[in-house]
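To start, the structure under review is shown below, and the notes come after it.
Derivation of every value follows stated rules applied to the coordinates shown; laboratory data play no part. Computed from a prediction, not measured in an experiment: that's the story for all the values here. Glycine also receives a Cβ, built like all others from the backbone with ideal geometry; neighbour counts cover every protein chain displayed.
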Amino acid sequence: MECAFHPLFSLTSGACRLDYRRPENRSFYLALYKHLSFLEKRGCPRTALEYCKLILSLEPDEDPLCMLLLVDHLALRARSYEYLVRLFEEWEAHRNLSQLPNFAFSVPLAYFLLSQQADLPDQELGPTREKASLLLRQALTMFPGVLMPLLEYCSVRPDAAVAGHHFFGPSAEISQPPALRQLVSLYLGRSHFLWKEAATMSWLEENVREVLRAVDAGDPAVGECESRRKVLYQRAPRNIHRHVILSEIKEAVAALPPDVTTQSVMGFDPLPPPDTIYSYTRPERLSPVSRGNTIALFFRSLLPSYTTEGERPEDGGAEGLDRNQGLNRLMLAVRDMMATFHFYDPEAPHEAHAEGDGEWD
């Protein structure tokens, strides 16, 4: 691909922008994403993270492939905890990353894993651990339907106090809006194994108990989060659906709405944007009436797509030949073809050749 780059097109500059609405640019996006997926499967999360940053930098405002649903996962796998924390702090004000379940749970996990590092100074250990616990409690309060499926993925059985509480019960998962269910399924299907460590699971259990105490005490934040869930997650945007299709995560694909699953999805251009910008229009091919064989012309005229010479679909034939002229030419061609047909009658007498019986001089 680099052989086709313009000399002024430098991916390392961070200033390159490619509009996904133009079909010519989409193949470049998809090629980068497929290569990213290949690198992740080969156990190269750090390189995959760099490709994820590259795709995000091509159109950060629109994010057509919704790389914000993947960058946190790759950052945790690559152990780039500082990068994930800095991204969250810088983008939270204008992108509301905490409203995405993947960021709501991945950022506190990054803080917790930072607090587990041996080279962390003692004066930063306490605040970092406290920050991680605070963000995790906020995530559990905002997305209570994540806990039980997460424990099931990790093969962990919750105790009776947690399993029997209505806040984390089956109703928490069933009552999720459709768009939120897609995001939760995507996050759990992709990142559940990051929570399987014993220390991580113990830390999660501590904060689950704290959340239950706040719910029983009537914390007003619980009602506020429930109201926000009902308003914010009614319909997922098209780029999220596109990301779910590209991810090929079965749980997330199964949660797609019917209007997405019933339409044909092309692998080379999944869910193209409705406001596509076409740089050029393909000229229509004219029907070569005058050059064709008469019999071939007749059979070609029987096709539904047949158009007379000079007629273009976009102008209705106004600038070409008159429609009647084309039909008249067709009638003449059929008449000529019928005139060339000869039927052989075996009972008819054969005429003697006028010159065949004569003598040669």
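Things worth noting here:
- Pairs exceeding a 23 Å alpha-carbon distance, out of Lys41/Lys131; Lys131/Lys196; Lys41/Lys250; Lys34/Lys196; Lys34/Lys250: Lys41/Lys131; Lys34/Lys196.
- In this simple spin-label approximation, Leu11 and Arg79 carry label points 7 Å from Cα along the Cα→Cβ vector, and these lie 2.6 nm apart.
- The stretch 24-71: C-alpha gyration tensor shape, a/c 1.5 cut-off, then a/b vs b/c: oblate
- The GluC sites (Glu not before Pro) of the stretch 62-98 meeting both criteria, a DSSP state outside H, G, I, E and B (loop) and at most 14 other C-beta atoms within 10 angstrom of the site's C-beta, are Glu62.
- Here r is the Cβ-Cβ distance between Thr261 and Leu120 and R0 is 45 Å; the resulting FRET efficiency, rounded to 0.05, is 0.45.
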